[in-house]
């Protein structure tokens, strides 16, 4: 019963929050979803239980999905904890959830390794990164591209690649697709990341 009450409270708060974030009155939302303003008011205040068949029209009107309205994900993991890989000279902070539904993962990475040990990774997809501080060396096959603070790089990961620090540690924000996430963040213990 408690979880059911918690879910009702979460849904009500999300409907109201999304409506207010858009600057809409109850009348404006009512016009978009086909319910009366008084029905929406009673739903938001908890004076009326929301019926399952009401969720779809309300979610569509608010530009979200039913899944997002009813998600009871815990916020225990809102603090980002670094993942240290001292053997390969990297520390990674995930800035998005690993189970991100769109498949993209954003991470901050501090790279201290100045050599790639002769191993260049290859996997399907594309990667993007921006240098926050320091200078990165992007190894693309036989080429080495220097990417300085404030600059960004985008490349096909079908080209053998690695990112290392130039002379001193470099910090980057990187965006990885599903294949990049598997290659860089789900590396088996003992394997060198690319």
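The values are calculated or read from the model by the stated rules, or taken from the named source; none is laboratory data. Keep in mind that this is a model prediction, so the values were computed, not measured. Every residue, glycine among them, receives a Cβ derived from its backbone with ideal geometry; neighbour counts consider all protein chains shown.
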* How many residues are under 16 Å from residue 70 (Cβ atoms), out of contact with any helix residue (DSSP H, G or I) (no Cβ under 6 Å at 6 or more places or on another chain) and surrounded by 17 or more Cβ atoms within 10 Å (Cβ to Cβ) if we restrict to region 16-52? -> 1
* Are any of the residues in region 134-157 over 22 Å from residue 91 (Cβ atoms) and in a loop (DSSP other than H, G, I, E, B)? -> yes
* The one condition in (1) more than 15 Å from residue 91 (Cα to Cα); (2) modelled with pLDDT under 85; (3) assigned by TED's automatic domain parsing to the domain that holds residue 91 that residue 114 fails to fulfil -> (1)
* region 108-119 residues that are at negative phi, paired with ones that are exposed (fewer than 14 other Cβ atoms within 10 Å of the Cβ) and modelled with pLDDT under 80 (beta carbon under 8 Å, 6 or more apart) -> 108/95
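Do we have any residue at all in region 165-174 that's under 18 Å from the mean Cα position of the chain (by Cα) and buried (at least 19 other Cβ atoms within 10 Å of the Cβ)?
Checked against the condition, which is being under 18 Å from the mean Cα position of the chain (by Cα) and buried (at least 19 other Cβ atoms within 10 Å of the Cβ), region 165-174 yields at least one hit.
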